Amino acid sequence: MTPGRVTQGFGRVTQGFGTFTRGGGAQRLGFRSGDAVVDLGEGSLDQLLPQGRSAWESATEEAVAAAVAGDRSLPAEECEPVLPFTVADYVDFYSSLEHATNLGRMFRPDSEPLLPNWRHLPVGYHGRAGTVVVSGTPVRRPRGQAKAPDADTPVFGLSKRLDIELEVGFVVGVPSTLGESLPTSAFREHAFGVVLVNDWSARDIQAWEYVPLGPFLGKSFATSISAWVTPLALLEDRRVAAPAQEPEPLPHLRVAGDWAFDLPLEVELNSTVISRGNARGLYWTMPQQLAHATSNGASVRTGDLMASGTISGAERRSEGSLIELTRNGQEPLRLDDGRERTFLEDEDEVVLRGGLLSEVRGRILPP
């Protein structure tokens, strides 16, 4: 496919495939374009994902043409999005140099901010696929163990340091074979498209549990994703050079071509924009994430979700989490209504936006 071909004559609006219902009826496959949804018939994105790149690009061209012509289009407000695909596995990476550096300085002030492995591989962990939810799903404040720095023992109770993580993720369409590793060059043959991700985080629970095996209950209670998945074919003209990597990655993680995405990012809390950044600054790219995840012979499945980890920029107010924006709660944010926030309170609403990508919205509910 010629880069940009499917977007010729098409406005720069939110675009993507998803699954929706109308009036409680059967699930239908749709293509969101701005304020309209092209109805592509009964079914879900699950049926399109395993068909492969040729089928994806054909479906995208047809959907864009239908959107431009207004064919089979429904008002978006009449369509109730559901989780766009069945999430098979969920992996969360730690791909932003600025985010990793910020947290390293915060928690290890007398040491190097980056751990020795960080520049050699995309650090990640396996999350919980069963708690990935579609944008708009309320999130209940989690309970868990936490231990105050001056306390002798932990307590079990509600998280008091509930946070967000602004991320982008890709969705696997074509699976791989167990025992075989995927090279970075295979990314476009296996990855269908991109979503925004909010990996909600209970920082107090996380801080107590994460040594030595990493995040668990502090993350697994909820992860929100876009209702509409933007196919890679519609992001061709957003591909730009990624930041230089030093040292050069090992051969299996080297990438040909430009694989960062120029996507403006924004975090809104209770109608106040508190952060603006861009996905193009991610140190580890999506092809590298996929190659690393399969480098030991692990296979990927249709519907696997792999997220970038928090995306933060080098400038103040481009950070993708509250723990960074408030310097671990030491510098509260003042919202437009005059209230202040360090971490999330009940009934707070967070909206993540990412250019062509569909937004991610979530409201915190009390337990």
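The values are calculated or read from the model by the stated rules, or taken from the named source; none is laboratory data. Keep in mind it's a predicted model, so treat the numbers as computed, not measured. With ideal geometry, Cβ positions are generated from the backbone for all residues, glycine too; neighbour counts draw on all protein chains shown.
Couple of notes before you dig in:
- Residue in the range 306-316 that is in contact with an Asp or Glu (Cβ under 9 Å, 6 or more places away or on another chain), more than 26 Å from Val82 (Cβ to Cβ) and of a type in the set (Lys, Arg) present: no
- Restricting the search to strands (runs of 3 or more DSSP E) fully inside the range 75-149 and requiring at least 2 residues that are in contact (Cβ under 8 Å) with a residue 24 or more places away in the chain and hydrophobic (A, V, I, L, M, F, W, C) gives 90-93, 132-134.
- For the range 198-229, a residue qualifies if it is in contact with a Phe, Trp or Tyr (Cβ under 8 Å, 6 or more places away or on another chain), in a strand (DSSP E or B) and over 22 Å from Thr153 (Cα atoms), and the qualifying residues are Thr223, Ser224, Val229.
- Set side by side, the residues Lys160, Lys147 differ, and just one is under 24 Å from Val197 (Cα atoms) and more than 20 Å from the chain's Cα centre (by Cα), which is Lys160.
- Filtering the range 145-162 to residues that are within 21 Å of Gly362 (Cα to Cα) and in contact with a helix residue (DSSP H, G or I) (Cβ under 8 Å, 6 or more places away or on another chain) leaves Ser159, Lys160, Arg161, Leu162.
- The residue list Val174, Val194 contains one member that is part of a strand (DSSP E or B) and either outside the structural domain of Ala207 (by TED's automatic domain parsing) or of a type outside the set (Phe, Trp, Tyr) (or both), which is Val194.
- Matching option when the condition is over 23 Å from Leu103 (Cβ atoms), touching a helix residue (DSSP H, G or I) at 6+ places or on another chain (Cβ under 8 Å) and among the charged types (D, E, K, R), among Asp262, Asp346, Asp304: Asp262
- Applying a threshold of 9 Å to beta carbon distances and a minimum spacing of six or more residues, or different chains, the list of pairs starting in the range 345-362 at a residue that is under 24 Å from Pro332 (Cβ atoms) and ending at one that is among the aromatic types (Phe, Trp, Tyr) reads Val350/Trp200; Gly362/Trp200.
- Selection status of Glu266, over 20 Å from the mean Cα position of the chain (by Cα) and surrounded by fewer than 19 Cβ atoms within 10 Å (Cβ to Cβ): no
- Against the list (1) modelled with pLDDT of 95 or more; (2) within 15 Å of the chain's Cα centre (by Cα), the condition Gly355 fails is (1).
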